Structure formats: structure tokens, C-alpha cells
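One structure is given below, encoded as C-alpha cells.
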Number of protein chains: 2
Amino acid sequence: VGLIFSQPIGVFDSGLGGLTVLKALMIAFPYEDFIYLGDTARIPYGSKSSTTIARYTEKNIRFLQSRNVKAVVVACNSASSVLPQVQTDALVYNVIEPGALVAATMTENKRIGVIATRATVLQKAYVQALEKIDREFQVYQQACPLLVPLVEEGWEEDPLTNLVVYRYLTPLISVQIDTLILGCTHYPVLTGAIRKAVGNGVRLVDSATAIVDLLKKDFSSGKLAPRTPESTGTLHLLATDVSDAFQAQAARILSPLPVPALEVVDIH
Amino acid sequence: VGLIFSQPIGVFDSGLGGLTVLKALMIAFPYEDFIYLGDTARIPYGSKSSTTIARYTEKNIRFLQSRNVKAVVVACNSASSVLPQVQTDALVYNVIEPGALVAATMTENKRIGVIATRATVLQKAYVQALEKIDREFQVYQQACPLLVPLVEEGWEEDPLTNLVVYRYLTPLISVQIDTLILGCTHYPVLTGAIRKAVGNGVRLVDSATAIVDLLKKDFSSGKLAPRTPESTGTLHLLATDVSDAFQAQAARILSPLPVPALEVVDIH
């Protein structure tokens, strides 16, 4: 049983975005070991079909199981939204339901906006999760395909990005949402531009804090076994494509946490 | 020998962009059979490493060979730029060298601009091809990662797109290029915005016309065997991801040519 306790937690995303989730988990659970997998050879997921996203997700979960993880956190919203189509016997956490739960506690007028990739919007995963909590919720979705490329271009402080964000958010503002789910791991980087567009009256929900709350609960209840806290946990950083930029951006996002050298893995 | 003449020509791209090349080929060679392959499950190529792009390219060429093609036109500039790393015994055409040849005949002041994906810029394939033609050419490259997502979002007529295009082209205008290579199959769709940014003094080179010229030459010389012109050629349209949008956009790009139903194929 001692061995089981020392198994790592796997975190996977289509690319870099999930590192914001990983960082929140590492800070909340400093004694856990983590393995992060970025599927950078097949990024992005959000513009692809649910069949293809489900196939990639299944392979990534199986790969993380081969590295002996005790649970897999699917940090990518697009992958989370197709999990019902994925065959797996792993303990899998998605970011959709925790995010919906947090939004449900925040809204007062029951009008909730969701910005996400095209795939996540098509799956209506947030709509279903929110309606399961309260049938009276009005959920307004907006696909924002340009936001990920803008973040990857490093233009998050650019006036052009403000224009694009404003364009996408205008329909949601006009229906008077009071809560907005940032339904893609890249979007928290754009909080400045998003805040400018929606004003101070709208609450923002990001996946990272929501998933931390859920894991805390499962550690408390015993559903998830904690690692014996003999020493600080370790991190393995894996990606499916080689990239110098990945290493640098990982260091920037995870700072001040130490970042190991990237290991490139081949997943077919 | 008769059988060989009736083999189709394979055309491949990471997605839809190469359909502009396919259309030019179908109009120039109406008696040829074509097989088009869009690797939409792994799009985009332009932001990935040369190793990964070369692996995908090799697999796609091998797949087209299994469909008995007599030649493969690599319409994707990012894939074309890594062809030296690809192992193949197929007759392969890339879009880089024909584009460089056309640009070389157009320039007067020997200052040539290239806009392309990050991968194509990193490989310096256009720089090398142009310098091989004339050592005195000054080649200025600019990576434009946001242009493909803007085209995919359908914002080609949008003021925002003009702003982004202007931002990318300003450095090239300031060094007084007189010829600009559109080094990605998506960019011809943005000709309006690009023309607005560079003015009328700059000549634009797109891959489609350049590759048609080269194939004409190879048909004349006998390097490439033409199909017996008994009837108009056929088209097979393949993609690696399912997508309703692909079918609709293919019809729009290829119009008025007839478009067959999309066949989804699995390539690992």
C-alpha cells in the first residue's frame, strides 16, 4: 500500500495552457509527485472533431497510466468535454464539472457566460453540467478560436487583443451575464483584456482553482491517497513535440517553482 | 505503360489551404486525375518542429503512394521546407523552389520579402532557394502565425485582419521590398488585405501559379507522363479528421469545379 501512495498524479493538456492548472496543483499539494504531458505534436485540440480529440485523449491517458499515475487530471477543456466518448479504467478528473460548480455558487442572476474553443462549445459540456446543477441557469456560449493563437503569439498585452476579446465578449455582455467561465486553459493569461471588456460587475471562473478544490475534497474523503510527506514532490515535464520555446514558456508560467528539463515522448 | 499514364497526381496539405493549389492544377490539367489529402487531424504544421513536420509528411507521402499516385505535390509550405529531411522514393514536388523562381523573375531591386509560418521561416527554405538563383538577392522573412487562424475564422474582410496584416508587413515595407512571396497556402485568401498594406508597387507571388508552371514544363519534357485524355479527370478528396466545415469550404474554394464527398482516412 505504501507504494500506491507514492504514485504520481498525471496532468495532461494539448499544450502549454494546462501548466496554469499544474502550477495551482503543485502549490496546493506540495508533497505530491506530478507528471505533466503536453501533446504539442497534435495541438490544438479545440478546432478538431470530437472523434479525433477522444482518440488523442485516450492515448494520452493510457500513456500516463504506463507511467504509473494514481489519477489523471485532464486540464484541457476540449479533451474534458469529450471524456464521455473515452474508454478508460483510470481515475480521471475533468475541468468542466468543477468549473461549473464554482460558477453556480458565484452567479446571482443565473446568467452564465462560457468562452471556449469551438470543440468545447459544440459538445455543450458546460451547458449540460450547469443545467444539471440548476435548470434555471441561462448559459450563453461563445467560441473564441483566435484567443489561443494570440496567447501563443505573446500578444496578450496588445491593443489588437483587446479588440478581438471585445468582439467575442460583446454578445455575452449584451445578455447581461454576471459570471463568465474561462473555458480554456489559455484564457487566464488574457484576464487583463477580458476584465477590461466585461467590467468589474462580472465574476471570472478559471479551471485551475476549481480543480484544486475538487482534489482537496477527494484527498480528505480518502478517494485519492496522498503521498507520504517525507519530502517535496517532484515534477516530470513531457511533451510530444520538441520545442525550445516550450521549455522557456514552462519556466515562465511555473515560476518561481523549479522546472526540470523537458522530455520528448512519442505517442501514436 | 498505359496503366502508368492513368495514375493520379497526389496533392497534400496540412488542411484546406492547399485546395487553392489543387484548383489551379485541375484547371491547368483538366484530363489528370487528382487525389487531395488534407491532414486536418494534425493541422497546423507551421507551429511545430521540423522533426514532427517531416514525420507527418513522410507518412502522408507514403499513404498517397499506397493510392498509386505518379507524383506528389506538397502544397504546404511548412512541409515543403522540411522535405530534405524526408525519406521517400516518390516523385515529389515542393512549392518553395517554383515560388522562388517566379519571385526571381519579378524583382527589379533584388529585395524580396517572404511571409510564412514560423516553421518555414526557421528552415530558411526560401532564403536558400533564392540565394541559389542569385547571391545578390536580399531576402527578408516574416513569420505570421495569426494569419492562418484569421482565415479559418472567416475574418478575411475584417478591419481587424487589416490591422494584423499591416503589423506583420510594416518591417518588410520599411526595407523596400518590391516582391513578396506568399509563403503559405492560406495567404492568397488575404490578398485584399495584403495589397492594401503593401500598395501597388509590390508584386505578389503565390505558390499555385508557380507550381503549375513547373508541372507544365515536366509534362512537356516527358518527366511526368500525362493521362490519356479520353475524359475529364476525376478528384478524390481525403482528410484525416471528420468535418462538415471542410466539405463546405472545399466547395467554396474549388467552385465552380464539382466537389466529391469527403473521405476520412486514418494515417498514423
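The values are calculated or read from the model by the stated rules, or taken from the named source; none is laboratory data. Since this is a predicted model, take the numbers as computed values, not measurements. Please note: Cβ atoms are built from the backbone with ideal geometry, for glycine as well, and neighbour counts cover all protein chains shown. These accessible areas exclude ligands, DNA and RNA; they are computed on the full protein's heavy atoms, side chains included. Shrake-Rupley method; radii C 1.70, N 1.55, O 1.52, S 1.80 Å.
Given Cα pairs under 8 Å that are at least 6 residues apart, what percent is the relative contact order of chain B?
26
Between segment A:111-133 and segment A:230-259, what is the separation of their alpha carbon centroids in Å?
With segment A:111-133 and segment A:230-259 each reduced to a Cα centre, they are spaced 30 Å.
Quick check for me: using +1 on Lys/Arg Cβ and -1 on Asp/Glu Cβ, what's the dipole size of the protein assembly as shown about its Cα centre, in debye to the nearest 20?
In total the dipole reaches around 20 debye.
Put a point 7 Å out from Cα along the line to Cβ at A:T191; what are the distances to that point in the other copies, in nm, shortest first?
Taking the point 7 Å beyond Cα along Cα→Cβ, the inter-copy spacings are 4.6 nm.
Relative to the longest principal axis of chain A, what angle (0 to 90°, nearest 10) does the C-alpha long axis of helix A:96-106 take?
50
Can you list, shortest first in nanometers, how far A:N68 lies from the same residue in the other copies, with each label 7 Å from Cα toward Cβ?
Copy-to-copy label distances for A:N68: 5.2 nm.
Mind ordering B:228-234, A:209-215, A:118-124 by average Cβ neighbours within 10 Å, highest first?
A:118-124, A:209-215, B:228-234
Given only helices, namely DSSP H runs of n ≥ 4 each adding -39500 (n - 2.57), what is the per-residue ellipticity at 222 nm of chain B, to the nearest 500 deg cm²/dmol?
-13000 deg cm²/dmol
What accessible area, in Å² to the nearest ten, does a 1.4 Å probe give for A:H236?
Looks like 90 Å² after rounding.
Evaluate peptide B:141-149: per residue, the Cβ atoms of other protein chains within 10 Å of its Cβ; return the mean as an integer.
Mean partner-chain Cβ count within 10 Å for B:141-149: 3.
How far is helix B:159-174 tilted off the main Cα axis of chain B, in degrees rounded to 10, range 0 to 90?
So the helix axis and the longest Cα principal axis differ by about 70 degrees.
Greater than 23 Å separation of Cα atoms is the criterion. Which listed pairs, A:K70/A:K216; B:K196/B:K216; A:K59/B:K48; B:K70/B:K124; A:K48/A:K124; A:K48/B:K196, meet it?
B:K196/B:K216; B:K70/B:K124; A:K48/B:K196
Report ³J(HN,Hα) in whole Hz for each residue of segment A:112-125, in order, from the Karplus equation J = 6.51 cos²θ - 1.76 cosθ + 1.60 where θ = phi - 60°; Gly and Pro get x.
Rounded to whole hertz, the list is 10, x, 10, 9, 6, 6, 4, 4, 5, 4, 4, 6, 6, 5.
Applying the Karplus parametrisation 6.51 cos²θ - 1.76 cosθ + 1.60 with θ = phi - 60° to the phi angles of segment B:206-216, what ³J(HN,Hα) value in whole Hz is obtained for each residue in order, glycine and proline being reported as x?
Whole-Hz 3J(HN,Hα) from phi for segment B:206-216: 10, 4, 4, 5, 5, 6, 4, 4, 5, 5, 4.
Between segment B:168-208 and segment A:24-77, what's the alpha-carbon centroid distance in Å?
40
Going 7 Å from Cα along the Cα-Cβ axis for the label, what nanometre distances separate B:Q247 from the same residue across the other copies?
Taking the point 7 Å beyond Cα along Cα→Cβ, the inter-copy spacings are 4.6 nm.
Using only alpha carbon pairs under 8 Å that are at least six residues apart, calculate the relative contact order of segment B:45-188 and give it in whole percent.
The value is 28 percent.
Put A:M106, A:M26 in order of accessible area, largest first, 1.4 Å probe: what do you get?
Reading off the accessible areas and sorting them downward yields A:M106, A:M26.
Charges on Cβ only, +1 for Lys and Arg, -1 for Asp and Glu, centred on the Cα centroid of segment A:181-253; of A:S243, A:G192, A:G222, which one is farthest towards the dipole's positive end?
Comparing the listed Cα positions along the dipole, A:G192 ranks first.
Could you size up the charge dipole of chain A around its Cα centre, putting +1 on the beta carbon of Lys and Arg and -1 on that of Asp and Glu, and report it in debye to the nearest 20?
Dipole size: approximately 540 debye.
Count, for each residue of A:130-138, the Cβ atoms from other chains sitting within 10 Å of its Cβ, then give me the mean as a whole number.
Averaged over the peptide's residues, the number is 0.
From the phi angles alone, apply the Karplus equation (6.51, -1.76, 1.60; θ = phi - 60°) to segment B:233-249 and give each ³J(HN,Hα) in whole Hz, x where the residue is Gly or Pro.
x, 10, 10, 10, 10, 10, 8, 8, 10, 6, 6, 5, 4, 4, 4, 5, 5
Collect residues whose amide H, placed 1.01 Å from N in the peptide plane, falls under 5 Å from the amide H of A:Y140; neighbours closer than 5 in sequence don't count.
Under 5 Å from the amide H of A:Y140 lie the amide H atoms of A:I112, A:G113, A:V114, each far enough along the sequence or on another chain.
Per residue of A:47-58, how many C-beta atoms from partner chains lie within 10 Å of its own C-beta, taken as a mean?
Mean inter-chain Cβ contacts per residue within 10 Å come to 4.
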